[in-house]
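Worksheet: the structure to be examined is printed underneath.
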Amino acid sequence: MIKNLLLVVCTVGLFVAAMQREHTYGTNPASTQALADSVDAETGLALDPNFTIVKAQCTGCHSPKLILQHRFTRDEWLSKIRWMQRNHKLWDLGETEKTVLDYLAKHYAPSQAAYSRREALRNVKWYKLEK
Amino acid sequence: MNKTLHNRRGFLKKSALTTLAGIVGTEIVFAENMPKNHVPLAFEEGLAGKHPDMIVLSDKPWNVETPPHLLDDAITPIERMFIRNNGLAPEEKIDPKAWTLTIKGESVKAPKTYTLSELKTKFKTYTYQLVLECGGNGRSGFVPQTSGNQWDQGAVSCAEWTGVRLKDILNDVGLKDDAVYIGYYGKDLHPSRDPSKVVISRGVPIKKALEDETLVAWAVNGQELPLMHGFPLRLVIGGWPASVSGKWLHTIAIRNKEHDGAKMDGHSYRVPRQPIPPGEKLAETPENFRIIESMPVKSLITYPKSGAMLDFGKTLSLRGHAWAGDFGIKEVQVSVDYGATWQKANVQPPKNRLAWQHWSAQIQLPKKGYYEVWARATDANGITQPMVIPAWNPGGYLNNACHRIAVKAV
């Protein structure tokens, strides 16, 4: 594995690489929607008083991106918790289950956009085609 | 892993910097200037050797997709191959010399184990270009949204795989007459880190397993497999959901019934036997859901990248690939008027069965303005890609709707 790692870093300045990574993370449209006034820099999750509990309960086993990619109703989020408890050894969340659900339902609920079989192309970055 | 790299103020720990300096072979200059909580590229194993424009959908487990314009090569370079993992890559050091493949199960006459070097010397080696596409490629197009990685259209590759035919191995082992299915087992780690849990163990009917192109592979594009793609050994079964191409392969079970491993059940890699309305709940029984086999007809526009502006009057050269699971491509067409009229593209024959086919077309835009260029492929059975999103299903699989790019004549 170290050998693979070496390939990546051998010539690229780490600071440059750092900036590129920041950029790449931002290209997933689902994760860049401004859903909260502010987001946690490490996880990308919305900051509010319940954030710390959500981070502790939800990001130990999986990437926060699994949350950021999704928009579910409260019942659907609950079914994900139950599924993880059945299949992935998620512990009983106890009283914090309500806190976690409040947070997810508030920040990561389905959008009210009209149903579209093919929506308009978004975020096109125009460039001059020379060839 | 990432958490342990940083101190409580979000800067990299001294020990992490020392490790990094060891890897790079030099001091990390400006370490104090790195953004807080930033994880240097060297620690991001899933992105090792990958193109910087790959899109990370998840980093635990690693799921990374390729923007369509990066798939322009005839044979997908390793740096542009998507990664789909259900679990974590093996963490123990892998010694290829000690790696073995065991064939067992109800339908072998007797179990047999081969070392990797025995596989390489005992059987004839074959190389094929094979399309691997995630069953959930295109999932982000479904409304209402379904669970899972929200792939756009880049969870597909066609690389050149080298290994031995599974059928040659099974012929050497000796099968009973009642073999109906195979199931693989790999050394990936369950996300819960419980070593007793199997992450994913899928397979195909014995008929598909015995096809010439079904490989037990140790190389891709002439190189040993990268860790993220299954080092040192994996199954490669083109044309079906890529989840049947098990990575870090150590065992194949030959079953006398449909394989019942992890992710063969529920709605995993399955779709409703009868179409249902979008969003409807359906009990996850085998009576209601069928296993996805051959993937549907699909195509991509890989050149130009979406957003091209060209001078009015100039010819627009387009190209891409088309594929259709177990079948060949009969025709590819392009449209710049939302499907009102179509123009035939040139389509090349595949390098081998189960490889994608390259297409190209030259078009003239009729006046200045904004266009969408749409491509649609038709398979050998006469089945064409839909322009709209196809049948909604609870797992969000099999979205083979046409790809399109934005273009302006200026």
Quote the total accessible area buried by chains A and B together, excluding ligands, DNA and RNA, probe 1.4 Å, nearest 100 Å². 5400
Based on Cβ point charges of +1 for Lys and Arg and -1 for Asp and Glu, what charge dipole magnitude is obtained for segment A:50-113 about its Cα centre, in debye rounded to the nearest 20? 200
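Quick check on packing: order B:245-252, B:358-365, B:301-308 by the mean number of other C-beta atoms within 10 Å, highest mean leading. It would help to have the intermediate numbers written out before the result.
Details: B:245-252: 23.6, B:358-365: 18.1, B:301-308: 21.1.
The packing order, highest mean first, is B:245-252, B:301-308, B:358-365.
Say R0 is 51 Å: what FRET efficiency, to the nearest 0.05, do B:THR315 and B:THR125 get from their beta-carbon distance?
Once the sixth-power term is evaluated, E becomes 0.70.
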With all protein chains present, calculate the accessible area of A:ILE81 using a 1.4 Å probe and round the result to the nearest 10 Å². 10
Of the residues B:HIS259, B:THR121, B:LEU210, the Cα lying farthest along the dipole of chain B towards its positive end, which is defined by charges on the beta carbon of Lys, Arg, Asp and Glu, belongs to B:HIS259
DSSP bridge orientation in chain B - percent antiparallel, rounded to nearest 5: 90
Heavy-atom accessible area order for A:SER79, B:SER107, B:SER192, A:SER111, largest first, 1.4 Å probe: A:SER111, A:SER79, B:SER192, B:SER107
Is the shape of segment B:344-410 best called rounded, prolate or oblate, per the rule: a/c under 1.5 gives rounded, else a/b larger than b/c gives prolate, else oblate, with a ≥ b ≥ c the square roots of the Cα gyration tensor eigenvalues? oblate
Averaged over its residues, how many other protein chain Cβ atoms are within 10 Å of peptide B:306-318's Cβ atoms? 3
Spread of Cα-to-Cα distances over 20 Å intervals beginning at zero, given as percent, for chain B: 25, 53, 21, 1
Tell me, what is the per residue accessible area of segment B:129-200 in Å², probe radius 1.4 Å? 31
Simple label model, 7 Å out from Cα along Cβ direction - B:ASN346 to A:ASP75, nm: 5.6
Let me know the mean shielding of A:118-126 by other chains, meaning the per-residue number of their Cβ atoms within 10 Å of its Cβ. 5
At 7 Å along Cα-to-Cβ for each site, give me the label-to-label distance between A:SER111 and B:LYS167 in nm. 4.9
Out of B:GLY174, B:HIS190, B:VAL164 - ranked by how far each Cα lies towards the positive end of the dipole of segment B:139-193, with unit charges on the beta-carbon of charged residues - the top one is B:HIS190
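Just to make sure I understand: if all protein chains stay in place, what is the order of A:TRP83, B:TRP240 by accessible area at 1.4 Å, largest first?
Correct descending sequence by accessible area is A:TRP83, B:TRP240.
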Report the charge-dipole magnitude of segment B:96-291 in Debye, nearest 20, computed about the Cα centre from +1 at each Lys and Arg Cβ and -1 at each Asp and Glu Cβ. 400
Which one, B:GLN385, B:HIS358, B:ALA401, is farthest towards the positive end of the dipole of chain B when Lys and Arg carry +1 and Asp and Glu -1 on their Cβ? B:ALA401
Order by protection proxy (mean Cβ within 10 Å, highest first), peptides B:85-91, A:43-49: B:85-91, A:43-49
Computed lengthening from A:ALA56 to A:LYS89, 0.36 nm per intervening residue step minus Cα-Cα distance: 10.4 nm
32 Å Cα-Cα threshold exceeded, pairs from B:LYS281/B:LYS344; B:LYS93/B:LYS120; B:LYS187/B:LYS305; A:LYS80/B:LYS176; B:LYS187/B:LYS257; B:LYS124/B:LYS247: B:LYS281/B:LYS344; B:LYS187/B:LYS305; A:LYS80/B:LYS176
Shielding of A:86-94 by partners, i.e. mean partner chain Cβ atoms within 10 Å per residue? 2
Can you give the Rg to Rh ratio of segment B:298-409, both from alpha-carbon atoms, with Rh computed by the Kirkwood formula? 0.99
For chain B, the dipole about the Cα centre with charges only on Cβ (Lys and Arg +1, Asp and Glu -1), to the nearest 20 debye, works out at 260
Using only Cα atoms, what is the ratio of the radius of gyration of segment A:50-113 to 2.2 N^0.38 Å? 1.04
Between B:THR115 and B:GLU92, what's the calculated FRET efficiency when r is the beta-carbon distance and R0 is 22 Å? Round to 0.05. 0.80
Show that you can apply the helix-only estimate: for chain B, add -39,500 (n - 2.57) for every DSSP H stretch of four or more residues, divide by all residues, and state [θ] at 222 nm to the nearest 500. -2000 deg cm²/dmol
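The values are calculated or read from the model by the stated rules, or taken from the named source; none is laboratory data. All of these numbers come straight from a predicted model, not from anything done at the bench. Note that each Cβ is placed from the backbone with ideal geometry, even for glycine, and that neighbours are counted across all protein chains shown. The area values use the complete protein model at the heavy-atom level, side chains included, leaving out ligands, DNA and RNA. Shrake-Rupley method; radii C 1.70, N 1.55, O 1.52, S 1.80 Å.
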